[in-house]
1. Please list the non-local residues whose amide H lies under 5 Å from the amide H of B:PHE145, H modeled 1.01 Å from N, same-chain partners needing a gap of 5 or more.
2. Enter the accessible area of A:THR294 (Å², nearest 10), with the probe set to 1.4 Å and all protein chains included.
3. Probe radius 1.4 Å, ligands and nucleic acids left out: which of B:LYS177, A:LYS286, B:LYS91, B:LYS60 has the largest accessible area, and how do the rest follow?
4. Explain nothing, just compute: Karplus ³J(HN,Hα) = 6.51 cos²θ - 1.76 cosθ + 1.60, θ = phi - 60°, for every residue of segment A:259-274 in order, whole Hz, x for Gly and Pro.
5. Enumerate the calculated ³J(HN,Hα) couplings along segment A:293-298 in order (Karplus 6.51 cos²θ - 1.76 cosθ + 1.60, θ = phi - 60°), each rounded to whole Hz, writing x wherever the residue is Gly or Pro.
6. Once a ≥ b ≥ c are taken as the square roots of the eigenvalues of the Cα gyration tensor of segment B:119-184, is the result rounded (a/c under 1.5), prolate (a/b larger than b/c) or oblate (a/b not larger than b/c)?
7. What accessible surface, in Å², does a 1.4 Å probe find on A:HIS493, ignoring ligands, DNA and RNA and rounding to the nearest 10?
8. Take the Cα gyration tensor of segment A:295-336, multiply each eigenvalue by 5, square-root it, and list the three semi-axes largest first, rounded to whole angstrom.
Amino acid sequence: MPRDNEIKDLFNNPSSLDNEDWLQPSERVFENITEEVYAVPNKRNHWLIFWLIFGIIITLAFFLLIPGQVLNSSPGNSGDRIMNEFIQSNNLTNQKLPETPEFDIPRENKMTSSEPKTGSKVKPSKPSIKKELNQTSPWVDVPQKQSSNHLHSSTSQIPNIIETSNDQESTTIDLISKGKKSMVNIFESSEEEMNVSIQDDMIEETQFELLTQAPEVNRLHALPLSFDRDKEQLDLQSNILEENRSWKLIAASGYSNWKYVINENLLSALSPFDFTHENGHGAYLKLGIAKSLTERIDLQLAASFAQNKVQSGHNSELTYSLEDESLSSTNEYALTMASPLGFIGSSVVMERDGDFGSESIDFIVDLQNEHLVEQTGLELTTRLNVLDNQRLRVAATFGLSLDYLRIRSNSLRSFTPMHQALRARQGSITADQENIQSFNQSILTGIEIGYKFNNSRALSLEVQYSHGLSPVFELDDFTSKLNRLRIGLTGSHRF
Amino acid sequence: MQKHNSDIQTIQAILKGDKSAFRKLYDNYSRFYFLTCLRYTNQKSDAEDLLQESFIKIYKDLHQFDHTRGNFISWSKRVVINVCLQHLRKKNVLNNFENIIDLNLQLSDKAIGLDNLSLQELTKMIQQLPKGYRTVFNLYIIDGFSHKEISEELGISESTSKTQLMKAKKLLKLKIKESDYSLDGKYA
């Protein structure tokens, strides 16, 4: 246009507009602006709170899970050593035991089974114990006492000694290095009650902290003491050890169904174009680790990966113009297409296959798209065992998930012109969705029905629903959220 | 230059929390921005909403304005145009730029006189252009975008932008010509 510059100047001179009263916006505009820009920020930042809570939970999980394992696996951990000694003791009990007890128990210290099982007669004094513990590491070699009231293993060189004493006597038990063998001998002895009482006293009266980490010791006290119960005892020990393996490796996989929840604003904008979309279908894989906090509650931290495919489609109204036609009788269109995750750029070519009888025609094109979406997540869940018997376990799960979503690919499945004289020739995606909210959060809830093959392995059917807390797509007042349903199998291995 | 320095002082005052300085900035530029918004949308109420949104964005991004890299009016006008384009994308997300009536205009290229036209009348004529024509016309003729920039902003090809511009000019010429006749009383 010859007067392009004249028009440009006319519209680009602010000072010339002073007399243009028709350009005066209503005062409401400025009031709204000042309300917005000078308003005291009173909107609560929900996401900040969410992250704060999530961070606290992660931190708590770290303290609950990790240090426990570190402690348990620490080489200096006496509880662990004692547990190992117990395991060794199982082997010892299977060996042929000597005819006579290896303990050389002085006559004056022996208690007959007819005597009350109190252990008070050999009750050591606490101050003496504490003093001994404070002064001497239980793992340090201490010279044997050569007292007349000496209780010791006849074969040992006793590198590790816990020494107790009372007012009248001193009792030394080789509990650690030979202790397991000694304990077995104690059970074999006809005077086992006395000996167990001594042991009982040692644990309970001295409140020996290191032993508290070997719960099987206390459990054993509950056993009726009898020579015939050895097998039962060993079985129980075995079960206890299995149960005390509180860590589990978790692996899960299955089908995932994603439902995109599009808000009303976006639906309204898309409705004239007959926008439709289906739920996404795909698969997921989850690997994690769980720790039993109590008999009924597990805490699980898992990484998940899911891939899902969703299809969407809509119509668009186009005009085929002979004026814009290429030599190959085509028109090329740059289209913006809708998807549950935002808008996609595309290029489609329509070929004319006949005469219109006019310079141009309007026509409708039916567009069908497919979107491949991936989601990687970090899930923290609590599993509450509702039912837990010998073989069957039913658990409810609750948790939070932090997810990272990305569009793997978009594809134009079909574009069909609704006109006899036109046909689709070529189409491609030129731009993926731009307003994906990659990081989002979900709350999880679900149920697991599991079958226990043995004490360490189980297989469960998992049904889990996750509700998206934040949108996966957001552009102004257009949003889309994602809710997921998972159905899969979960295998767990206790270690 | 005087205007530029005055703007800088006003912006510095706003950044220090001076509300009256913000009012001054609004009074200085609200008509200009309102005109810009009116060019991109044909509804006054929409234009007021866009003006409001533009000023809020200008205020929030004011700390990003670097007066050594250009004057305030260029920077802020770009903000307003972006707000208008975003609005158009939202309202016409699926409305492609081919999807408008085709015109078979047979007009000569002779210059059409603007002398008899007021700014208001010309603005109304631009507003009456179909959305695709109007947007490309505004961006290219008035706001100085190149076809390449327009293609990037609107997600269309450069050739589409050129085609739209050509059609917009033709249609606008027709409207101005009709207006000339009207003004002359021939078809009034």
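The values are calculated or read from the model by the stated rules, or taken from the named source; none is laboratory data. The model shown is predicted, which means the values in this text are computed figures rather than measured ones. We work out accessible area using only protein heavy atoms, side chains counted, and drop any ligands, DNA or RNA first. Shrake-Rupley method; radii C 1.70, N 1.55, O 1.52, S 1.80 Å.
1. Answer set, sorted by chain and number: B:TYR140.
2. Roughly 70 Å² of A:THR294 is accessible to a 1.4 Å probe.
3. Per-residue accessible area, sorted high to low, gives B:LYS91, B:LYS60, B:LYS177, A:LYS286.
4. Taking θ as phi minus 60°, the curve returns 10, 8, 9, 8, 6, 4, 4, 6, 4, 5, 5, 8, 4, x, 9, 6 Hz for segment A:259-274.
5. 3J(HN,Hα) across segment A:293-298, in whole Hz: 7, 9, 4, 9, 10, 10.
6. Numbers: a/c = 2.96, a/b = 2.26, b/c = 1.31.
Here segment B:119-184 falls in the prolate category.
7. In the full protein context, A:HIS493 sits at about 70 Å².
8. Numbers: eigenvalues 600, 27, 10 Å².
Gyration-tensor ellipsoid for segment A:295-336: 55, 12, 7 Å.
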